[in-house]
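Since the structure comes first, as structure tokens, the remarks are kept for the end.
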Amino acid sequence: MGLKKINDRVFYYPHQPETDRPMLAYLKGDKIALAVDAGNSADHVDEFYKSLEVEGLRKPDITVITHWHWDHTFGMHHIHGLSLAHHKTNEFLESEKAKLSDNAYMQFLKKDDKCLNREYANNKEIVIALSDIQFEKELTLNLGGITAKVFHAESPHSEDTVLIYVPEEKILFLGDSTSEDYFNNGYMDKDKLKALNRLIECTDCQYCILGHTDPLTKSDLLDYLKSILS
């Protein structure tokens with residue numbers, strides 16, 4: 001499996017369901033290379049970086065985190081450059097890091113999540129890191145030739161959800177924001193999903209990129225959300 005190209009500026013490394021590895025994206029700015037999400041382990045990060053090397057792309061200068069869940073953050077300690085996350089993401093990660101000091105909790109995680117157990121087989125160490133930079137509402141990154149608008153959004157999936165919009169390429173990165181809350185018995189808050197749906201409708205984008213599926217057109221995603229909300 002190799003890096004996929006959307007256009008000359010935007011690339012992604014596909015998701016891997018067997019170990020719950022999400023899609024990792026790459027924005028090629030003239031000044032700054034930006035990655036979306038840090039993967040679920042150091043091995044995931046290494047695999048992603050190898051795919052960049054094959055295509056002659058440099059390692060990211062900044063990695064933006066879409067939310068705190070393990071499959072998007074447990075590779076953060078191993079990334080190149082700086083990490084950027086919402087302040088709530090760091091709060092969640094700090095809490096999780098404290099819990100992991102108890103070996104019983106570690107064993108619970110592996111028993112509870114078969115994908116995590118596969119990724120961290122053979123006593124591979126779990127390392128949790130907080131982001132280098134945190135923000136509260138929104139910020140804009142001038143990558144050189146393209147812009148990344150990074151902002152907090154309401155979502156049924158997680159309180160710390162962050163989206164990344166690239167207006168020049170008409171692409172919106174959504175992480176897992178359209179999914180239910182797995183830490184609340186799979187509850188789907190339809191009011192939050194409606195708010196997210198309205199945001200997507202109002203965004204001038206052609207592609208919507210989710211964490212665990214192939215890129216979708218905006219119309220395809222809105223049709224899918226309509227089926228859930230109807």
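For the reader, a short list of remarks on this structure follows.
- Test for GLU154: is it within 17 Å of the chain's Cα centre (by Cα), of a type in the set (D, E, K, R) and under 22 Å from ALA85 (Cβ atoms): yes
- Residue satisfying all of: in segment 93-151; under 30 Å from LYS31 (Cβ atoms) and small (Gly, Ala, Ser); surrounded by the most Cβ atoms within 10 Å (Cβ to Cβ) among these: ALA148
- Pairing residues of segment 103-128 that are more than 21 Å from HIS78 (Cα to Cα) with residues that are surrounded by fewer than 16 Cβ atoms within 10 Å (Cβ to Cβ) and among the basic types (Lys, Arg), at Cβ distances under 8 Å and at least 6 apart in sequence or on separate chains, gives TYR105/LYS99.
- Hey, SER179 crowded, with 21+ Cβ neighbours inside 10 Å and among the polar types (S, T, N, Q) or not: no
- Test for TYR105: is it in contact with a helix residue (DSSP H, G or I) (Cβ under 8 Å, 6 or more places away or on another chain) and at pLDDT below 95: yes
- Residue match in segment 48-63 (condition: outside any loop (DSSP other than H, G, I, E, B), crowded, with 20+ Cβ neighbours inside 10 Å and aromatic (Phe, Trp, Tyr)): yes
- Residues in segment 173-204 that are among the small types (Gly, Ala, Ser), closer than 27 Å to LEU141 by Cβ and without any contact (Cβ under 8 Å) to a residue 60 or more places away in the chain: 2 in all.
- Segment 14-47 - residue that is among the β-branched types (Val, Ile, Thr) and more than 10 Å from the chain's Cα centre (by Cα) and, of those, surrounded by the most Cβ atoms within 10 Å (Cβ to Cβ): VAL45
- Here LYS137, LYS170, LYS149 are screened, and the one residue that is on the phi > 0 side of the Ramachandran plot, in contact with a strand residue (DSSP E or B) (Cβ under 8 Å, 6 or more places away or on another chain), of a type outside the set (Phe, Trp, Tyr) and free of Cβ contacts under 8 Å to residues at least 60 places away in the same chain is LYS170.
- Those residues of segment 1-46 which are hydroxyl-bearing (Ser, Thr, Tyr) and assigned to a strand (DSSP E or B), in sequence order: TYR12, TYR13, TYR26
The values are calculated or read from the model by the stated rules, or taken from the named source; none is laboratory data. In this text the structure is predicted, and so the values were computed from the model without any measurement. Using ideal geometry, Cβ is built from the backbone for each residue, glycine included, and neighbour counts are taken over all protein chains shown.
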